[in-house]
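Inspection log for the structure reproduced underneath, given as structure tokens.
Values quoted throughout were computed directly from the atomic coordinates according to the rules given, and no laboratory measurement underlies them. Given the structure is predicted, the values throughout are model-derived calculations rather than measurements. Methodologically, a virtual Cβ is constructed for each residue, glycine included, from the backbone with ideal geometry; neighbour enumeration extends over all protein chains shown.
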Amino acid sequence: MKTQVKSTCCYCGVGCGVLIDTEDGRIAGVRGDPEHPANFGRLCTKGASLSHSLSPDYRLLHPELRSARGAPRLRVGWAEALDHAAERFAAIIRAHGPDSVAFYVSGQLLTEDYYVFNKLAKGLIGTNNIDTNSRLCMSSAVAGYKQTLGADAPPCSYEDIGLADCLLIAGANPAVAHPIVFRRIEDAKAANPELKIIVVDPRRSESAALADLHLALASGSDVALYNGLLHVMLAEGLVDRAWIAAHTEGFAALEAIVADYPPERVAALCELARDDIVQAARWFGQARAPLSLYCQGLNQSVQGTHNNAALIHLHLATGRIGKPGAGPFSLTGQPNAMGGREVGGLANLLSAHRDLANPAHRAEVARLWGVPDVPATPGKAAVELFAAIKRGEIKAVWIACTNPAQSLPDQGEVRAALAAAEFVVLQEAYANTDTADYADLMLPATTWGEKEGTVTNSERCITRVRAAVAKPGEARHDWEIAGDFARRLGARLGHPQAATLFPYAGPEAVFDEHRESTRGRDLDITGLSYALLETAGPQQWPLPAGAASGQARLYEDGVFPTASGRARFVEVEHRGPAEMPDAARPISLLSGRLRDQWHGMSRTGTVARLFNLDPEPLLSMHPGDLDERGLRDGDLVRVAADAGLTRGRAWLPMHWGSRFMNSPGVNALTLAAVDPYSQQPELKHAAVAVEKAELPWQLVVIRRGEAPPDSPFAALPLLERARALLPEFDYATVGLYGRDAPLVVFRAALAEPPAPARLAEIDALFGLADDAAAIVYADHRRHVSKRAVAPDGRLIGVRLAGETLAQSWLKDAMADDTLDAALIRWAVAPIGSPPLRLPEKSRVVCKCADVSERQIRAELAATPGLALEGLQDRLKCGTFCGACVPELKQMIAGAAPLAA
Ligand code: SF4
């Protein structure tokens with residue numbers, strides 16, 4: 001039986017609508033929902049690959065409990081698992097008080113999940129120790145909005161991108177991190193070539209390629225830049241003093257501060273050209289509708305809150321806020337960081353944007369929940385929460401849908417904390433995240449495609465998330481697990497209403513309770529219901545009872561949700577990053593995202609095609625810095641020769657952790673330094689030293705997935721086996737590659753070659769021990785040994801040791817399956833150079849979906865008469881930016897393909 005279910009992409013905060021096609025109870029495909037206002041049918045590579053990311057290999061399907069540290073976890077039933085957890089939590093709370101336990105949840109939970117966890121911690125247990133990985137991405141945006149505008153409410157909508165005449169993209173790279181937003185930016189530029197685009201980013205990012213002006217500022221100099229822009233705008237009469245007088249307060253104090261930020265000084269602080277600063281100020285100040293789009297580059301800083309405030313000041317000083325095309329628009333990182341903020345699911349927030357410090361607000365929430373009170377003392381934010389676990393103050397932690405053993409800064413301390421905790425519960429869909437190594441109890445949760453509820457995207461738009469398939473194994477929904485645990489814990493703690501506080505029959509009941517909590521608040525959604533979302537589609541908040549629809553833009557009347565009704569200018573000064581580069585660590589390391597990976601890769605890391613663009617975590621540096629260190633492309637620290645970086649800066653993707661390399665990744669380098677207002681850590685920057693790693697002996701294994709041959713998951717069991725090898729090398733990565741017939745690629749290096757017997761064991765692990773089907777080359781004097789295994793004439797795997805140059809062409813040739821018997825010998829040739837008549841790599845026609853000409857021709861040959869829509873359905877080609885659609889049409893018409 002076939003069905004189609006409307007839902008929402010589970011990756012980023014753009015919140016694209018998807019249509020999930022199912023066949024006989026399994027997800028068969030995903031496409032963009034043409035009716036969803038966030039994407040109108042478009043999806044990026046991650047969203048379009050969702051149906052390829054549903055491998056059952058890594059799913060946690062049953063509760064698992066271990067009796068003691070070091071003991072294996074054993075399968076248990078749900079009742080035993082939750083009773084055990086309730087006993088442990090109750091005993092710790094009775095002995096040490098409510099603040100001796102904590103919850104660490106996720107911006108990828110649905111609003112309903114978040115709501116129940118928040119009520120469990122603050123309402124039932126009486127601790128504010130509930131924080132979330134949204135602390136790592138959006139808490140500075142929250143604090144920035146609250147300090148200036150009075151509420152955590154992005155005032156803009158996606159449609160403003162098309163209405164703006166100046167776009168300031170600051171600390172964001174939407175081309176890779178919010179691709180469907182970037183498609184709108186491209187459309188806006190195409191429709192209005194006069195649109196001025198300014199990109200502020202220390203690196204010449206993919207988004208900067210579209211910019212009219214790229215300001216490659218030094219890390220940690222954001223406040224200086226925005227104060228400098230305001231200085232120029234003041235000097236040139238580009239501020240709206242009448243609007244400032246009518247709608248704001250605190251401008252005089254800020255004006256005195258920015259007087260000390262002339263463009264010459266700002267140019268020095270930011271390492272920018274003075275004239276570029278003046279130009280940016282003029283474009284912004286003269287614009288009818290300037291729109292700022294910003295994200296982690298501003299937030300993940302020890303000055304994150306003031307970075308946000310300094311940028312928002314530009315809108316307040318010009319009165320360009322609450323108007324079509326104008327305003328400060330924080331792009332949300334995670335799919336439901338907004339929903340978490342709405343229910344108050346952070347250590348310092350209360351439901352529906354209420355303040356923890358306000359006794360009246362606490363009383364309102366207690367009344368809504370039917371509990372005597374909620375605690376007044378803020379809980380511990382993420383970094384401090386794990387520090388308190390390490391100190392023994394917090395003894396039990398419940399982690400849901402997130403992977404702190406990769407994502408938090410200063411991984412050494414975080415892992416030590418998890419190891420020191422008395423009791424760690426991990427509620428997860430995946431069994432194999434880094435955090436799983438520390439869990440005493442693992443609880444299987446449902447994930448995308450199986451869950452029901454709502455999420456809120458960057459533009460305050462609430463969308464339904466719907467289940468398309470049944471829960472696998474014994475997995476349960478996150479809200480369901482939290483509610484069941486709450487009832488068991490409440491009974492043990494003698495809570496009078498334990499049985500009735502969490503009565504939900506389904507997510508709609510949770511949503512309705514959350515909706516009631518918003519009554520009269522700035523995010524009032526008392527006019528919203530599951531039924532309305534069903535009939536009218538996604539809706540922006542606020543949507544109070546009686547309103548016909550949600551509100552696209554906030555503050556159109558110039559009235560702000562502060563005590564005075566006026567927006568506030570904040571006194572912000574340049575401070576610089578937590579760590580300045582020095583002689584010992586002269587490089588400013590920036591961390592960032594790649595187009596095709598998401599967070600710690602627990603989902604995207606199962607999809608081979610998502611490795612094709614960026615197979616490994618490459619460090620990018622300026623060529624001059626490479627030369628200075630004797631580095632060149634192909635060294636162990638591989639470096640892109642032209643990465644758009646100025647001298648003294650380097651860039652590393654954030655996605656790779658211990659599951660894909662023999663290191664916790666970039667967060668082994670980042671500091672636990674946090675912003676004083678938002679408690680958000682400075683994940684974007686660290687001062688580091690970079691030098692050549694002297695690891696001359698290298699190993700590469702490229703192996704086809706084993707079975708079933710036509711499954712996109714064929715390589716995953718092998719990938720898992722290869723992971724066991726990572727710790728034994730000085731450097732090692734493992735990943736996937738290819739398209740329909742995925743490959744596993746293992747790469748490693750050592751200072752000294754291992755014993756030959758170890759190589760034989762590695763061959764056996766990869767299923768390359770069949771001597772009868774092997775072609776080998778060995779030069780024992782040079783410690784070079786190569787082995788290609790081709791049963792029945794088809795190359796299934798190659799192991800290169802000591803000399804690995806052939807990897808550069810072998811991966812593509814094996815992915816395309818183009819090596820015939822005569823060519824296979826070249827795989828183990830002494831020098832490693834490609835054969836003279838190597839078949840050409842199939843040309844990629846759709847770069848967004850990584851679809852090759854060969855794949856398209858094969859699909860057209862297999863289905864005579866296939867139309868464009870059918871081809872797009874099957875391969876997703878031409879469903880993203882649309883640039884290849886003319887070529888696809890021509891191929892369908894049977895004409896020769898256009899030139900590349
Ligand atoms: Fe999913 Fe974000 Fe891509 Fe949209 S832009 S498809 S929400 S990852």
**Asked** In a shell of Cβ-Cβ distance under 15 Å around Asp434, excluding Asp434 itself, what net charge do Lys and Arg (+1) and Asp and Glu (-1) give?
**Response** -1
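Nearest 500 deg cm²/dmol is fine: what mean residue ellipticity at 222 nm does the chain get from its DSSP H runs of n ≥ 4 alone, each adding -39,500 (n - 2.57), divided by its residue count? Mind dumping the intermediate values first?
Working: 29 runs with 267 residues, N = 900.
Taking each H run of at least 4 residues, the total per residue is -8500 deg cm²/dmol.
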**Dipole axis of the chain (+1 Lys, Arg; -1 Asp, Glu on Cβ), positive-most option in Leu82, Leu234, Tyr145** = Leu82
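Run the numbers for Leu533 and Ala416: contour at 0.36 nm per residue of separation, minus the present Cα-Cα distance, in nm. Mind dumping the intermediate values first?
Numbers: separation 117, 0.36 × 117 = 42.12 nm, distance 4.48 nm.
Extending this stretch completely gives an extra 37.6 nm.
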**Item:** Calculated Rg and Dmax of segment 1-100 using C-alpha coordinates, Å
**Value:** 20.6, 55
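Computed from the mean reciprocal separation of all distinct C-alpha pairs, what Kirkwood hydrodynamic radius does segment 89-212 have, in Å? Please list the in-between numbers first.
On the way: mean 1/r = 0.0563 Å⁻¹.
By the Kirkwood definition, the hydrodynamic radius is 17.8 Å.
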**Message:** Quick check on the chain: of the DSSP beta bridges with both residues there, what percent are antiparallel, nearest 5%?
**Reply:** 60
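Net charge around Gly344, counting only other residues with Cβ within less than 9 Å of its Cβ (Lys, Arg = +1; Asp, Glu = -1)? Numbers along the way, then the final one.
Details: positive: Lys122, Arg341, Arg354; negative: Glu342.
The answer is +2.
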**Complete:** Among Lys122/Lys471; Lys692/Lys811; Lys786/Lys876, the pairs whose Cα-Cα distance exceeds 32 Å are Lys786/Lys876
**Message:** Can you compute the modelled spin-label distance between Glu393 and Ala95, with each label point 7 Å from Cα toward Cβ, in nm?
**Reply:** 1.9
**Request:** Set the Förster distance to 35 Å, then compute FRET efficiency between Asp557 and Val469 from the Cβ-Cβ distance, nearest 0.05.
**Result:** 0.15
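Using only C-alpha atoms and all pairs of different ones, pull out the Kirkwood radius for segment 529-618 in Å with one decimal.
Details: mean 1/r = 0.0507 Å⁻¹.
Mean inverse Cα-Cα distance, inverted, gives 19.7 Å.
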**Item:** Descending Cα extents along the principal axes, the chain, whole Å
**Value:** 82, 67, 63
**Message:** Students often check this: by mean Cβ neighbours within 10 Å, which of 758-766, 126-134 ranks highest, and how do the rest follow?
**Reply:** 126-134, 758-766
**Asked** Bin by bin, in steps of 5 Å, what percent of the Cα pairs in segment 174-300 do you find, going until the bin that has the longest distance?
**Response** 2, 10, 18, 21, 20, 15, 10, 4, 0
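What's the FRET efficiency of Arg843 with Gln4 using the Cβ-Cβ distance as r and R₀ = 45 Å, to the nearest 0.05? Display every interim value, and only then the final one.
Details: r = 33 Å, r/R0 = 0.73.
Here the calculated transfer efficiency is 0.85.
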**Prompt:** Near Lys196, which lysines are there with a Cα under 26 Å away, not counting those fewer than 8 places off in the same chain?
**Reply:** Lys323
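For Arg647 and Glu628 in one chain, what is 0.36 nm times their gap in residues minus the Cα-Cα distance, to one decimal in nm? Walk me through the intermediate numbers first.
Numbers: separation 19, 0.36 × 19 = 6.84 nm, distance 1.06 nm.
So the extension gain works out to 5.8 nm.
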**Inter-site label distance for Ala829 and Ala256 at 7 Å from Cα along Cβ, in nm** = 7.5
**Complete:** Each label sits 7 Å from Cα toward the beta-carbon; between Ser808 and Glu159 the label points are separated, in nm, by 5.2
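Computed FRET efficiency, Cβ-Cβ of Ala545 and Asp373, R0 35 Å: what is it to the nearest 0.05?
For Ala545 and Asp373, the calculated efficiency is 0.80.
Working out 0.36 nm times the residue gap between Arg781 and Glu186, then minus their Cα-Cα distance, what length gain in nm do you get to one decimal? Before the final figure, lay out the partial values.
Working: separation 595, 0.36 × 595 = 214.20 nm, distance 5.67 nm.
Between Arg781 and Glu186, full extension yields 208.5 nm more.
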**Request:** Would you list which lysines come within 21 Å of Lys390, measuring only between C-alpha atoms, while excluding same-chain residues fewer than 8 positions from it?
**Result:** Lys380
